[in-house]
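Derivation of every value follows stated rules applied to the coordinates shown; laboratory data play no part. These figures come from a predicted structure and were not determined experimentally. Cβ coordinates were reconstructed from backbone atoms using ideal geometry, including for glycine residues, and neighbour counts include every protein chain displayed.
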């Protein structure tokens, strides 16, 4: 199961009018990248304060800007290697800060397993991006080809995580009873903890599977005598 680049293109086409509208307001693709990062940081801050519902909504809005910056760059002919670099770096940076916010929030709520699962999900998610970056650096799956490999690219992780955070808030957060920090094991789950654990678990397992899928994809390319291996430079913005 993968999300093809054609499907990504159709989805991003829907957001093109919004992106162009932002461009008419004077915003640049790099400006949208920085705005999205700033919004994501704000969302992570609220997660650290255990404001799961609001934080989840803000995190999703911040991640949505990833669709706008690349779309605006392509629609206005401003695609550049620097823009692609900025987009990728700030995407990873923002994702790390979100998981740090979850770790802080779960720790404050006495949900130690939540902090462990958030750390595991972050590590697996970063391996998805690293597998793509390393394979492309070595000349495998040039362009945006690797973005279509695997079941858990960034946009899927964003939806799963944001929905999980929002539902965690709807079901009461991760703090048990009167706010005490006792009972951090699985046996003491309330609904909020269960939802958050499920979302983080899905991201961890799905991301791990995606890394394996990408390893197998590169392995298959390496074995193919018809596949040239040359160092390539990429100038497109896309999720990883």
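Can you compute the equivalent ellipsoid semi-axes for region 5-223, i.e. the square root of 5 times each eigenvalue of the Cα gyration tensor, sorted largest first and rounded to whole Å?
Working: eigenvalues 202, 98, 32 Å².
Over the Cα atoms of region 5-223, the semi-axes work out to 32, 22, 13 Å.
To the nearest 0.05, what FRET efficiency results for residue 198 and residue 24 with a Förster distance of 30 Å applied to their C-beta separation?
Values: r = 41 Å, r/R0 = 1.38.
The calculated FRET efficiency here is 0.15.
Nearest 0.05, what FRET efficiency do residue 130 and residue 54 give at R0 = 25 Å with Cβ-Cβ as r?
Values: r = 31 Å, r/R0 = 1.25.
E between residue 130 and residue 54, to the nearest 0.05, is 0.20.
Rounded to whole Å and sorted largest first, list the principal axis extents of the Cα atoms in region 79-157.
Principal-axis extents of region 79-157 (Cα, largest first): 45, 24, 20 Å.
With a point put 7 Å past each Cα toward its Cβ, work out how far residue 209 is from residue 85 in nm, to one decimal.
About 3.6 nm, to one decimal.
Counting only C-alpha contacts under 8 Å and six or more residues apart, can you give the relative contact order of region 5-223 as a whole percent?
Across region 5-223, relative contact order equals 24 percent.
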